[in-house]
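One structure is given here, and the rest of the page talks about it.
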Amino acid sequence: MAREYTGFWRVLNGPQEIGRGPVFWCLFAFLALGLLAYPFFGSVFALSNLANFCLYIPMGLGLALLWGYNGVLSFGQGAFFAIAGYVYGIIAGNLLDIPGGTLLAAVGGIAASAAIAAAFGYLVFYGQVSNWIIPLLLLVLSLILETFMAQTAGYQWRVGSVLLGGYNGMTNVPSLEIGSANFGGASIAFYYLVVALMLITYLGLRLLVNSHYGHVVVGIRDDVERTRMLGYNVALIQIQVFVVAAALAGLSGILYVSWGNYINPSSMGLLAATLPVIWTAVGGRSSLLAVLLSTVTLRWVADTLAVRGGEYAFLVMGILLLVTMLFFPAGIVVTLARRWLHQKSMYRDLKQNGAP
Amino acid sequence: MPASSVSDGLVVLGAKDLTKSFGGIRAVDHLDLTLARGELRCLIGPNGAGKSTLFGLLSGLHRPDAGQIVFKDEDITNLKPFQRVRRGLCQKFQTTRIYRALTVAQNLVIADRTPRSSRRKNGRLSWALSTLGLDSEGEVPAGELSHSHQQWLEICLALATEPDLLLLDEPTAGMTPEETELTAQFVVNLNRQGLTVLVVEHDMAFVRYIAQRITVLHYGRIFTEGSLGEIESNHEVRRIYLGER
């Protein structure tokens, strides 16, 4: 029976994700081609906006892996996003004249998020802290970091030539540069970078969750003790998943500062800690596709509302979360997909067995 | 760690002076237990005798307050549960613990820790799956299996770890007499294939079917050991366990 879960295509198309048939893959290819072709007819403003919505996808997908597939809710993704952003800013700002400096800064930023996640994960997972305490600890970590960064105004708070900037944030952060290509927020190069990273993250995580390792990750979510009693070092696997999720949040953080050349402590505040949880819950945390769709859609909704109605955007997000939790506990996209699959199988049965 | 006196090749598991208390209650009290390689042993005793605690100590879910556990000539007293499983000691829990939302096939994927290993597997698992009728239920969600099939699936998950010692905690709880007999037959056949098995069971029909060496636990201590005939004719055992006056 285990043979079914080996081989690239079989793993990619495995049971831990919705959307497996030829119709799905055709739609997926169509959408991917549409995204690749968009720069030929979209305005620079529209491209820059879409890139901004999509750059949060690695963070959302990381949380789906951590929460939906491994059962650990996190209010710390905003913190890992901001840690990477700040570290990127510090390194890139100090290596302005060195070729490949921003790339080094990107690696450094992601490594910083991953390292802090590893240290935190070591303490909570080997300490067997209960699953409902972990999100609270992460929220506390975020708020402490926000408070700390908010008081870093003044010239004494600088690393090399880069000022941390206190509550006003770090400004003039250089955009990513690879060779002669500059990945500024309004560039087509940045748009393509974001689309490529989004697709790679989605497909990569799809392979991961459907692999043998991914099955064990899901096994830990469903029954920790059983998985331990099958010979797995559960704490180690939980730390690994936590680090991957933090690194993906860090990737989003780096794309964000490269896009806007700016980051401030509110990126690790209460709101920033909550939003990824809302994106993940509304779409459906047990599906990468659902989280991908809801992240982009909700970023677009929040942005549109913010432009038109200002302060109501987050109120709408809150109501949306409440409605989802009450009426679609598994998430809106996941619930609709399951209903559709159920109806499809009923229709197939009806066709095979004739009308009742 | 020097091997203790109980580890001499023929002995697969030796527990010495094991003690475990919860609050003021001593669940396991200076208990010694030795299992020979290839043995099939039944552990019986009234409720609260310390059977499940003893299993927890052997599998590593509980840390003993005192005592030593030697498994295959190695002191495993301080090893974590997953390390004990990797050394060949696996447990089926008292309440069925399977991945209910996943299919039978997915359950088995998780249980196979080395899917890419070229090492030849001992074949017990595929034999067990076909004997218990689970091989045709690969795509069924484990939570939708009948109660007995869920119990059997959990035994198969344990077998997938290729254990040298299998601990079964009440494997027939909630089963019909026919299913109990089938399980007993299965356990006996498993043992005939060379696997050492330690079973905790309340159902005397199961114990009688297996009819092997029996250890009686009472107040966390070994009350007596013997063959089925010896145990059933022991007046004191009948009094404390079978409820006769």
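The set of residues in region B:5-61 being aromatic (Phe, Trp, Tyr) and closer than 17 Å to B:Thr95 by Cα consists of B:Phe55 alone.
A:Thr324: in a helix (DSSP H, G or I), of a type in the set (Ser, Thr, Tyr) and closer than 25 Å to A:Phe24 by Cβ, yes or no? Here the answer is yes, as A:Thr324 does meet what is asked. Residues in region B:152-206 that are among the polar types (S, T, N, Q) and under 26 Å from B:Asp73 (Cβ atoms): 4 in all. Number of residues in region B:149-169 that are more than 14 Å from chain A (Cβ to nearest Cβ) and touching a Lys or Arg at 6+ places or on another chain (Cβ under 9 Å): the value is 0.
The rows are residues; the columns are (1) in a helix (DSSP H, G or I); (2) among the basic types (Lys, Arg); (3) out of contact with any strand residue (DSSP E or B) (no Cβ under 6 Å at 6 or more places or on another chain).
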| site | (1), (2), (3) |
| --- | --- |
| B:Glu162 | no, no, yes |
| B:Ala184 | yes, no, yes |
| B:Val188 | yes, no, yes |
| B:Asn191 | yes, no, no |
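Suppose we keep only residues that are free of Cβ contacts under 8 Å to residues at least 12 places away in the same chain and farther than 23 Å from A:Tyr256 by Cβ within region A:107-131. Which one would you say is farthest from the chain's Cα centre (by Cα)? Taking the candidates together, the pick is A:Gly127. Scanning region A:177-213 for residues that are closer than 17 Å to A:Leu104 by Cα and either in contact with a strand residue (DSSP E or B) (Cβ under 9 Å, 6 or more places away or on another chain) or not aliphatic (A, V, I, L, M) (or both) yields A:Glu177, A:Gly179, A:Ser180, A:Asn182, A:Phe183, A:Gly184, A:Leu193. Tallying residues that are more than 27 Å from B:Leu40 (Cα to Cα) and among the aliphatic types (A, V, I, L, M) within region B:9-28 yields 1. Just to be sure before I move on: is B:Leu145 within 27 Å of A:Arg226 (Cα to Cα), in contact with a strand residue (DSSP E or B) (Cβ under 6 Å, 6 or more places away or on another chain) and either buried (at least 20 other Cβ atoms within 10 Å of the Cβ) or aliphatic (A, V, I, L, M) (or both) in the structure I sent? So B:Leu145 does not fit the description; no.
Scanning region A:126-163 for residues that are under 22 Å from A:Leu95 (Cα atoms) and among the β-branched types (Val, Ile, Thr) returns A:Thr152, A:Val159, A:Val162.
Results for (1) closer than 28 Å to A:Ile239 by Cβ; (2) within 14 Å of another protein chain (Cβ to nearest Cβ), shown as yes or no for each residue.
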| position | (1), (2) |
| --- | --- |
| A:Pro15 | yes, yes |
| A:Phe24 | no, no |
| A:Phe53 | no, no |
| A:Tyr56 | yes, no |
| A:Gly60 | yes, no |
| A:Gly71 | yes, yes |
| A:Gly78 | yes, no |
| A:Val87 | yes, no |
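Taken over region B:193-213, the criterion of being part of a strand (DSSP E or B), touching an Asp or Glu at 6+ places or on another chain (Cβ under 7 Å) and of a type in the set (A, V, I, L, M) is satisfied by B:Val200 alone.
Conditions tested, residue by residue: (1) touching a helix residue (DSSP H, G or I) at 6+ places or on another chain (Cβ under 6 Å); (2) more than 14 Å from chain A (Cβ to nearest Cβ); (3) under 28 Å from B:Leu182 (Cβ atoms).
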site: B:Ala66; (1), (2), (3): no, yes, no
site: B:Arg86; (1), (2), (3): no, no, no
site: B:Ile98; (1), (2), (3): yes, no, yes
site: B:Glu139; (1), (2), (3): no, no, yes
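One residue stands out among those in region B:100-115 that are at the interface with chain A (Cβ under 8 Å from one of its Cβ atoms) and modelled with pLDDT under 90: the one that is farthest from B:Gly50 (Cα to Cα), which is B:Pro115. Selection of region A:239-272 for residues being under 14 Å from A:Ser74 (Cα atoms) and at pLDDT below 95 yields A:Met268, A:Gly269, A:Leu270, A:Leu271, A:Ala272.
Return yes when A:Leu208 is closer than 28 Å to A:Phe28 by Cβ, surrounded by fewer than 19 Cβ atoms within 10 Å (Cβ to Cβ) and at pLDDT 95 or above and no when it is not. For A:Leu208, the condition - closer than 28 Å to A:Phe28 by Cβ, surrounded by fewer than 19 Cβ atoms within 10 Å (Cβ to Cβ) and at pLDDT 95 or above - is met. Within the option set B:Leu134, B:Leu182, B:Leu153, B:Leu129, being modelled with pLDDT of 95 or more and surrounded by 15 or more Cβ atoms within 10 Å (Cβ to Cβ) holds for one residue only, B:Leu153. Considering region A:119-142 alone, what residues qualify as being outside any helix (DSSP H, G or I) and modelled with pLDDT of 95 or more? A:Ile133 - this is the single residue of region A:119-142 that is outside any helix (DSSP H, G or I) and modelled with pLDDT of 95 or more. Contact annotation: residue pairs with Cβ atoms under 6 Å, 6 or more positions apart or on different chains, pairing a residue in region B:78-95 that is under 19 Å from B:Glu154 (Cβ atoms) with a partner that is among the aromatic types (Phe, Trp, Tyr), are B:Phe82/A:Tyr232; B:Leu89/B:Phe71. Pairs linking a residue in region B:211-227 that is farther than 18 Å from B:Val187 by Cα to a residue that is in a strand (DSSP E or B) and acidic (Asp, Glu), with Cβ atoms under 8 Å and 6 or more positions apart or on different chains, are B:Val216/B:Glu225; B:Tyr219/B:Asp29; B:Gly220/B:Asp29; B:Arg221/B:Asp29; B:Ile222/B:Asp32. Checking B:Asp112, B:Asp169 one by one, the residue that is of a type in the set (Asp, Glu) and without any contact (Cβ under 8 Å) to a residue 60 or more places away in the chain is B:Asp112 and no other.
Considering only region A:258-270, I want to know if a residue exists there that is closer than 30 Å to A:Asp222 by Cα, within 14 Å of the chain's Cα centre (by Cα) and in contact (Cβ under 8 Å) with a residue 12 or more places away in the chain. No, region A:258-270 contains no residue that is closer than 30 Å to A:Asp222 by Cα, within 14 Å of the chain's Cα centre (by Cα) and in contact (Cβ under 8 Å) with a residue 12 or more places away in the chain.
State whether the residues of region A:6-17 include one that is modelled with pLDDT under 90, of a type outside the set (A, V, I, L, M, F, W, C) and in contact with a Pro (Cβ under 9 Å, 6 or more places away or on another chain). Yes, because at least one residue in region A:6-17 is modelled with pLDDT under 90, of a type outside the set (A, V, I, L, M, F, W, C) and in contact with a Pro (Cβ under 9 Å, 6 or more places away or on another chain). Restricting attention to region A:271-283, which residues are in contact (Cβ under 8 Å) with a residue 60 or more places away in the chain and under 15 Å from A:Pro135 (Cβ atoms)? Scanning region A:271-283 gives A:Ala272, A:Ala273, A:Thr274, A:Leu275, A:Pro276, A:Val277, A:Thr280.
The values are calculated or read from the model by the stated rules, or taken from the named source; none is laboratory data. Here the structure is a predicted model, which means the values were calculated and not measured. Positions of Cβ are backbone-derived with ideal geometry, glycine not excepted, and every protein chain shown enters the neighbour counts.
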